[in-house]
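**Q** The structure that follows is given in the form of structure tokens.
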Amino acid sequence: MPALKPTDYHATVKWIGLVPPDPAGIASDRVVQLTLGFEGPIGDHHAGLTRSSCSRVTSQHPRGTEIANARQLAVVSQEELDAIATEMGLDAIDPVWLGATLVLEGIPEFTHVPPSSRLQATNGTTLVIDMENRPCHLPAREIEQVHPGKGKAFKAAAKHRRGVTTWVERPGVLKAGDALRLHVPDQPTWAHLNTARG
């Protein structure tokens, strides 16, 4: 019995970026297409089958521990970027400032899509959603350089709108305009989730 259910929700790739291998900050550079291997986006700072653990997983691993890399791509939605910009009083949020890999459009409340969901292109290229990518102060620095006095508002405005981290399940190429179909785990929500979260 299949464990994942294809849905009628589709996203369109609106923007693609790569973080340079030796970045000065977190900013990404816009590119025309993304070539994905099992290690992630070819040529991206975050690519690799493993990575050093960071603040997101300090409850599980001491910082700097080598772990499997489920943070190969940072994926955000255009709808949520627009909401962040509105709350911050900006015309737009440039995904470059967030170190984004992909900007998608078309899936509502994208940041809250269930972990382990798949985003699959018509050519078969498939990304697995790991978890919510929580906002931090690093994009604020990038925003502050362009819009002095605005950067500090980012973290609050981006809460539950920062997108997700993903890893590559099936390699391939993605380009602007490609459609990605959402597949979700076909299982009920764990009844004890709220209790476990405390």
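The values are calculated or read from the model by the stated rules, or taken from the named source; none is laboratory data. Being a predicted model, the structure only gives us computed values, none of them experimental. For neighbour counting, all protein chains shown are included, and Cβ atoms are generated from backbone atoms with ideal geometry for every residue, glycine included.
**Q** Return a yes/no flag: does region 86-98 have any residue that is out of contact with any helix residue (DSSP H, G or I) (no Cβ under 7 Å at 6 or more places or on another chain), exposed (fewer than 15 other Cβ atoms within 10 Å of the Cβ), among the β-branched types (Val, Ile, Thr) and closer than 17 Å to residue 182 by Cβ.
**A** no
**Q** In addition: Where in region 21-73 are there strands (runs of 3 or more DSSP E), lying wholly inside it, with at least 2 residues that are free of Cβ contacts under 8 Å to residues at least 24 places away in the same chain, at positive phi and within 16 Å of the chain's Cα centre (by Cα)?
**A** none
**Q** For the structure I just gave you, tell me whether residue 8 is more than 18 Å from residue 173 (Cβ to Cβ), acidic (Asp, Glu) and at pLDDT 95 or above.
**A** Answer is yes for this residue.
**Q** Tally time: how many residues in region 82-108 are free of Cβ contacts under 8 Å to residues at least 24 places away in the same chain and under 13 Å from the mean Cα position of the chain (by Cα)?
**A** 0
**Q** Here's a check for you: in region 157-198, which residue that is among the hydrophobic types (A, V, I, L, M, F, W, C) and free of Cβ contacts under 8 Å to residues at least 24 places away in the same chain is farthest from residue 106 (Cα to Cα)?
**A** Only one residue fits best here, namely 196.
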